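Read-outs: derived from the displayed coordinates by stated rules, not from any lab. Being a predicted model, the structure only gives us computed values, none of them experimental. Here the Cβ positions follow ideal geometry from the backbone for every residue, glycine too, while neighbour counts run over all protein chains shown.
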2 protein chains.
Amino acid sequence: MSHSEIPGGITAPHGFVAGSAYCGVKAANKDAPDIALIFSQHKTVAAGTFTTNKVKAAPVRVSRTHLATADVRAIVANSGNANACTGVPGLRDAKRMCRATAKTLGLREKQVLVCSTGRIGVALPIEKMEATIGKMENCLGRNGSIAVARAVMTSDTFPKEFAVEFSAGGKTVRVGGVAKGAGMIDPNMATMLCFITTDAAIGKSTLQKAVSVAVEQSFNRITIDGDMSTNDTVLVLANGAAGNKPLKYGTKEFKAFQVALDHVMTELAWMIVKDGEGVSKFVEVRVAGAASLADARRAAEAIANSTLVKCAWFGEDPNWGRIMDALGYCGAKMREELVDIFYDGVIAVKGGMQSKTPLEKIGPIVKQKRFTICVDLNLGRAEYVVYTTDFTTDYVKLNMGDGIGG
Amino acid sequence: MSHSEIPGGITAPHGFVAGSAYCGVKAANKDAPDIALIFSQHKTVAAGTFTTNKVKAAPVRVSRTHLATADVRAIVANSGNANACTGVPGLRDAKRMCRATAKTLGLREKQVLVCSTGRIGVALPIEKMEATIGKMENCLGRNGSIAVARAVMTSDTFPKEFAVEFSAGGKTVRVGGVAKGAGMIDPNMATMLCFITTDAAIGKSTLQKAVSVAVEQSFNRITIDGDMSTNDTVLVLANGAAGNKPLKYGTKEFKAFQVALDHVMTELAWMIVKDGEGVSKFVEVRVAGAASLADARRAAEAIANSTLVKCAWFGEDPNWGRIMDALGYCGAKMREELVDIFYDGVIAVKGGMQSKTPLEKIGPIVKQKRFTICVDLNLGRAEYVVYTTDFTTDYVKLNMGDGIGG
């Protein structure tokens, strides 16, 4: 029941077409398309997760409602403007994006999900966007995934797409996705935009369960700067074009689907971390031996979000003292004299103190582009892992701001 | 009952002498003294607050115990080495610092409080320190405050001292202090080293009450990077040399003392913020109209600790969108459509949306070295204020690390 990587992103699964267009929301540069469209040629079931931020962008509010529709067919997304903190006019504009898309594709407004990313607090240039969307039918194609991945980029430096296929009862099932990330990535939710398509036949509630599990294992495990966006959204459409027997929760076919979905989301999440603003290192932070899962998570996230720890990584300085410090203030149960800390499996701290390992053996580990920090609290059996980055001068430069937005 | 600023720092109050010496813990440079000593020529009562970090440096553990002593007479402090994460040998070394000081000054070990600041996880060069402390009696003087302020500096760029005097029942009472700060400043406690002396006559429990109030209004209101150190300590010695009638809780003389103590600690706290690593701006973040004090605090601290908000300030970009974002994820009760945000009293956000104030009016405000952000949640009556800074490329450079320590 193993799956394999395939090209094609969100248009790898059968029955999906996608494309993008230039409207001028993001940049004056016509080489930077900023509206993306995904369309399923077959009836779908849809699932999703949204930001837990109390300040929710207008498209988040609209998509949450539309997700209840029986047959969602399309996703429309723009970059350059988040349509957040825009009040009632913002909600109206998000709905107008759905309506324009529905008109172009011959759908009802509620069959369209909508996402926005970019500056906060500025009204969308909605008339211009409606005009652009009105002409987008012809841009849709079976190779459109990369166009979507590019159109949703903001400070991202590369487009993010990934797809896999596996066999279920003699049928080939595909799962593909695109994502955008960079700044404001924190694990309090699916903190970015991610669109997943699959040609699996699956029921709506079964799909939602699988999506919640996959998000928890992937996007909720990544953190760059500890901030959480107002627009974070994961949307999943399943259209049944693979012709498989509908996946039932708990069967081995369902499990294969879950593994495939986890894999696609994890790859996209890791791409987001690697493309974090100004990032130079990819660090896995694993906390074991915690008294509870909540404690393991608290400790791992405190380490991964400590600016002092992250600055030290940027400086390629092992600096386990700052990790001990974060463990001490994070609120997790811990006893200083029980803590062991490993760098790529090499022990640096034993019982809360410098181990016998000479620092010269730890130095080369943190000089790598990728390494793992493992903390053993030696108190219990709970474990948690997060994926994060260092904190760089480039991050600060990139986030000095260029307007009022996010 | 007003007080006035006077020179002299911790040696402004009568009956205190202080000084410093070079031992080589901090630097090879003999112009950088690294051991400080404060001595009261009269019987004292002592009070203090310590880090709430579960990882507590050895000197914190020792001073907490010694603080219970009836007649504390001296404080010994070193910079360059935090004596944290040093286990049982670290505790023994902290006690040896007290014992060496006691021997030099003719005291008992328990009459000495001890502090350390600097690198984590490295053993103190205790023999060398004992030898240095053994010769420190002659360095003590009535003008020694500035020497102490310099000797405790780590990445601080200027020494921090402040003193005031006021009249109580015809007697002049003085309160003076020195502090060190820079990195790892977060308001979960008196997050730095601060030594306060006063010649007020006051009972031990009354002094402790006054100290707790003053710390809450000053050091607990400042944040630079959201990290909290393993060594943070505020120590206060009162020796009664002013000859005033012992201050009774609730009297107007006690209130004058409280105001004076608040003022000294607040000035020192602000100096710490202004001297935060790589800092270019001093920002007051005030949250009003919160449903509870806890919510007001949560919101103010979330804004003050958001790396995205702080990077925007560094870039002199008003970026109220990132403030809205932080309000949304901080956990405080809030309704997006009720939020107003003011920059130095000028409204930028009204009801969760861009106000009618043109952005050109907000721009010059964030270009200043110092400004105030006031958020009104318009939900209740609770208010909280914190003092913080921007987040700069220099901060990252300064914290890239140079060893294993803090």
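Points worth noting:
- Note on B:2-14: average number of Cβ atoms from other chains within 10 Å of each residue's Cβ is 0.
- Table column - 3J(HN,Hα) (Hz), the range A:3-14, Karplus curve with 6.51, -1.76, 1.60, x for Gly and Pro: 10, 9, 6, 9, x, x, x, 6, 9, 5, x, 5
- 3J(HN,Hα) along the range A:329-336: 9, 6, x, 6, 4, 7, 10, 2 Hz, from the Karplus curve 6.51 cos²θ - 1.76 cosθ + 1.60 with θ = phi - 60°, whole Hz, x for Gly and Pro.
- When you filter the GluC sites (Glu not before Pro) in the range A:220-327 for DSSP loop state and at most 12 other Cβ atoms inside 10 Å of their Cβ, nothing is left.
- Look at the stretch B:335-341: the mean tally of other chain Cβ atoms within 10 Å of its residues' Cβ atoms is 2.
- Peptides B:364-370, A:101-107, B:208-214 ordered by packing proxy, namely the average of other Cβ atoms within 10 Å per residue, highest first: B:208-214, A:101-107, B:364-370.
- Rounded to whole numbers, the Karplus 3J(HN,Hα) couplings from phi for the range A:64-76 are 4, 6, 5, 4, 6, 4, 5, 9, 5, 10, 9, 10, 10 Hz, using 6.51 cos²θ - 1.76 cosθ + 1.60 with θ = phi - 60°, and x at Gly and Pro.
- Per-residue average of Cβ from other chains inside 10 Å of A:342-354: 2
- With Cα atoms, 0 to 90° folded angle of helix B:293-305 axis to chain B main axis: 90
- Cα coordinate range in the range B:95-139, projected on the principal axes (Å, largest first): 31, 20, 16
- Semi-axis lengths (Å, descending) of the ellipsoid that matches the C-alpha gyration tensor of the protein assembly as shown: 56, 29, 20
- Computed about the Cα centre, the dipole magnitude for chain B is approximately 1360 debye when only Lys and Arg (+1) and Asp and Glu (-1) carry charge, each at its Cβ.
- Once the Cα atoms are used to define both axes, helix B:87-105 deviates from the longest principal axis of chain B by about 60 degrees.
- Chain B, helix-only ellipticity at 222 nm - DSSP H runs n ≥ 4, -39,500 (n - 2.57), divided by all residues, nearest 500: -9500 deg cm²/dmol
- Diffusion coefficient, µm² s⁻¹, Stokes-Einstein with Kirkwood Rh over alpha-carbon pairs of the range B:115-178 at 4 °C and 1.567 mPa s: 88
- Relative packing of A:232-238, A:26-32, B:167-173, which averages over residues the other C-beta atoms within 10 Å, highest first: A:232-238, B:167-173, A:26-32
- Nearest beta-carbon to the B/A symmetry axis - residue in chain B, distance in Å: B:Thr393, 2
- Shortest-first nm distances, B:Ala131 label point to equivalent points in other copies (7 Å, Cα→Cβ): 8.3
- Taking the label point 7 Å along Cα→Cβ, B:Ala294 and its counterparts in the other copies are spaced 1.3 nm apart, in ascending order.
- Calculated P(r) of the range A:231-292 - Cα pairs past 20 Å, %: 53
- On a per residue basis, the convex hull of the C-alpha atoms belonging to the range B:282-389 measures out at 75 Å³.
- Across the identical copies, how the A:Arg335 labels are spaced - nm, sorted shortest first, 7 Å along Cα→Cβ: 5.0
- Per-selection Rg to Rh, the range A:4-274 - Cα, Kirkwood hydrodynamic radius: 0.94
- Over 27 Å [Cα-Cα, the range A:9-163], rounded percent: 14
- Links that overshoot a 21 Å alpha carbon limit, given the list A:Lys26/B:Lys310; B:Lys160/B:Lys367; A:Lys209/A:Lys245; A:Lys171/A:Lys252: A:Lys26/B:Lys310; B:Lys160/B:Lys367
- By the compact-protein rule of thumb, 2.2 N^0.38 Å, the alpha-carbon radius of gyration of the range B:29-105 corresponds to a ratio of 1.15.
- Around the Cα centre of the protein assembly as shown, unit charges on the Cβ atoms of Lys, Arg, Asp and Glu (plus for the first two, minus for the last two) sum to a dipole of about 1420 debye.
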